[in-house]
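Colleague: Before I ask anything, here is the structure I am working with.
The values are calculated or read from the model by the stated rules, or taken from the named source; none is laboratory data. Note that this is a predicted model, so its numbers are computed, not measured. Cβ placement follows ideal geometry from the backbone for every residue including glycine, while neighbour counts extend to all protein chains displayed.
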Amino acid sequence: MHLYNGQLRWRGSYFENLHKRLTISVAVVGAMVSVATEVHAQSIPATITVNPKVTTASVDDDADDPAIWIHPADPAKSVIVGTDKGDNGGLYVWDMEGRQIQYIKLGNPNNVDVRYGMKVGGQRVDIAVTNIRSTHEMKVFRINPNNGTLTDITTSSGIETPELDDPYGLCLYQRPSDGAMFVIQSTQVGATSNLHQYRLEDDGSGKIKGTYIRTFGNDTIKEYVEGLVADDELGYVYASDEPNAVRKYYADPDRGDNKQIVAFGTGDGISGDREGLAIYKCQGGTGYILLSNQDGTNVKVYRREGDNGDPHKHSLLTTIKTNGASDTDGLDVTNVPTSSKFPNGFMVTHNSPRSQFILYAWEDIAQNFLSICTSPTTSVDESETSAPVTFQLEQNYPNPFNPSTTIRFNLPQSAPAKLVIVNRLGQTVRLLFDGEIAAGEHVVKWDGSDDGGFRVPSGVYLYRLESGGEVQTRKLILLR
């Protein structure tokens, strides 16, 4: 069994190095607790060529945008959610071998994005959101944690977007400070010079409603935007002004700053439109921004953290030549190991000629030139089970600790259990897990980060185990 960003990941005694689902922010339940392994780049060539590992089945009409969802129990059962933006299109769900497992007819959805751990009806759920061009609305789907299939949980009155003359680009942003969920959208015709932001919330009945929040961009977009991606951790949103540049803004509406921060990708050998955007994340706010160059059959790479200490200077780092995919619109990337084909995560890109999506192993992209950033998740180790006779929470080891510590506990019988880290004020720092767990001895590691993945300061913390009406609490000390 694994704990993976707040949900129990059942794997028996099979342990893999898994990376935290880095698209999640603070609202997720659970913990990713280990320090990332990062293989640093060598001298980087101008072009890196990569061959595909998996192709999805073709859609019926016109494929456009993919999003990756990581399965909560078995990463090999992760899925790709992709749009068919044709007039009779919809959302497709494919498994990691490219086989279709679901189709939902919607009309003509354009873009789709995924986030984890939104609070709905008192539970944490993973969601996929798409925009419908024909009806000027967006739809929210709950992702089944068992198989990755989608169920519509949009509020009964729908979520209309009259601010958009022609809904086009879409991405999600989850604010780390409070877990608030937002949708950022663009329009292809009409008021194209700005972006539009909506907040998603529970409507009180276990469905999701949307509220229009702001227009931002200060008329800096010159043509129109489709590719959008939000960096939850760093607080930015990137927008592909297709014929012109990638534009960077602050994603948090409460910041009160609607201006463009910087534009980049203005040349860089880009032919045709700047399309899909994705972020390959490493620790400490580092990693890569990926931009699909539609006519060039390639993907442009920029440093996520900026150049030479300047967080808003993004020079072209290299170009990925994507054999097997051309005229690419959308793309996505993950550094989660999902299967033997993708031990360090993968990139998925749209392939226009066959209206499908192509998966590339990240190590094939990185080779010896780009970083490979992979973090193991928390694991509850059932290989060490015995038959405890009492409910017992043991002292963590090492203690004091830096960067990580191990927590062991015993349960006399299978039961719901909750393990949480709190500060001296009793405020929750990290919910390690909350769910059904088997009898026996269990082992959990914590890396000193909070629910948003941010490192907590040095100090004294408490960890508390609750199960079957019993509660035990112990103290641990983090020294940075």
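Colleague: Within the range 86-143, take every residue that is among the small types (Gly, Ala, Ser) and more than 16 Å from the chain's Cα centre (by Cα) and give me the one that is nearest to SER205 (Cα to Cα).
Modeller: Checking each candidate, the answer is GLY121.
Residue-by-condition table, conditions (1) of a type in the set (Gly, Ala, Ser); (2) crowded, with 24+ Cβ neighbours inside 10 Å; (3) free of Cβ contacts under 8 Å to residues at least 12 places away in the same chain:
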{"residue": "ARG303", "(1), (2), (3)": "no, no, no"}
{"residue": "ASP307", "(1), (2), (3)": "no, no, yes"}
{"residue": "THR319", "(1), (2), (3)": "no, no, no"}
{"residue": "ALA325", "(1), (2), (3)": "yes, yes, no"}
{"residue": "ASN335", "(1), (2), (3)": "no, yes, no"}
{"residue": "ASN344", "(1), (2), (3)": "no, no, no"}
{"residue": "GLN356", "(1), (2), (3)": "no, no, no"}
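Colleague: Return only the number of the condition from (1) out of contact with any Phe, Trp or Tyr (no Cβ under 8 Å at 6 or more places or on another chain); (2) modelled with pLDDT of 95 or more; (3) within 25 Å of GLY284 (Cβ to Cβ); (4) not charged (D, E, K, R) that PHE346 does not satisfy.
Modeller: Tallying (1) out of contact with any Phe, Trp or Tyr (no Cβ under 8 Å at 6 or more places or on another chain); (2) modelled with pLDDT of 95 or more; (3) within 25 Å of GLY284 (Cβ to Cβ); (4) not charged (D, E, K, R), PHE346 fails exactly one: (1).
Colleague: Is at least one residue of the range 178-190 small (Gly, Ala, Ser), in the same structural domain as ALA251 (by TED's automatic domain parsing), surrounded by fewer than 24 Cβ atoms within 10 Å (Cβ to Cβ) and under 19 Å from the mean Cα position of the chain (by Cα)?
Modeller: Yes.
Colleague: Of the residues that make up the range 90-99, is at least one over 16 Å from ILE68 (Cα atoms) and part of a strand (DSSP E or B)?
Modeller: yes
Colleague: Counting only residues that are within 15 Å of VAL81 (Cβ to Cβ) and among the hydroxyl-bearing types (Ser, Thr, Tyr), which one in the range 329-357 is farthest from the chain's Cα centre (by Cα)?
Modeller: So the residue we want is THR349.
Colleague: A further question on this structure: Considering only residues that are surrounded by fewer than 23 Cβ atoms within 10 Å (Cβ to Cβ) and of a type in the set (Ser, Thr, Tyr), which ones fall in the range 43-68?
Modeller: Once the filter is applied, which keeps residues that are surrounded by fewer than 23 Cβ atoms within 10 Å (Cβ to Cβ) and of a type in the set (Ser, Thr, Tyr), the range 43-68 yields SER43, THR47, THR49, THR55, SER58.
Colleague: Being among the polar types (S, T, N, Q) and farther than 18 Å from ALA278 by Cβ is the filter; apply it to the range 69-108 and report the residue that is surrounded by the fewest Cβ atoms within 10 Å (Cβ to Cβ).
Modeller: Applying the filter and picking the extreme gives ASN88.
Colleague: Taking the range 128-142 as the region of interest, how many residues are in contact with a Ser or Thr (Cβ under 8 Å, 6 or more places away or on another chain) and either surrounded by 24 or more Cβ atoms within 10 Å (Cβ to Cβ) or in a strand (DSSP E or B) (or both)?
Modeller: The qualifying residues number 8.
Colleague: Oh, and also: Of all strands (runs of 3 or more DSSP E) completely enclosed by the range 211-288, which ones contain at least 1 residues that are modelled with pLDDT under 95?
Modeller: 274-281
Colleague: Here's another thing I want to ask about it. With the requirement that a residue be touching an Asp or Glu at 6+ places or on another chain (Cβ under 8 Å) and at pLDDT below 80, what does the range 32-79 give you?
Modeller: Selection gives MET32, VAL33, SER34, VAL35, PRO72.
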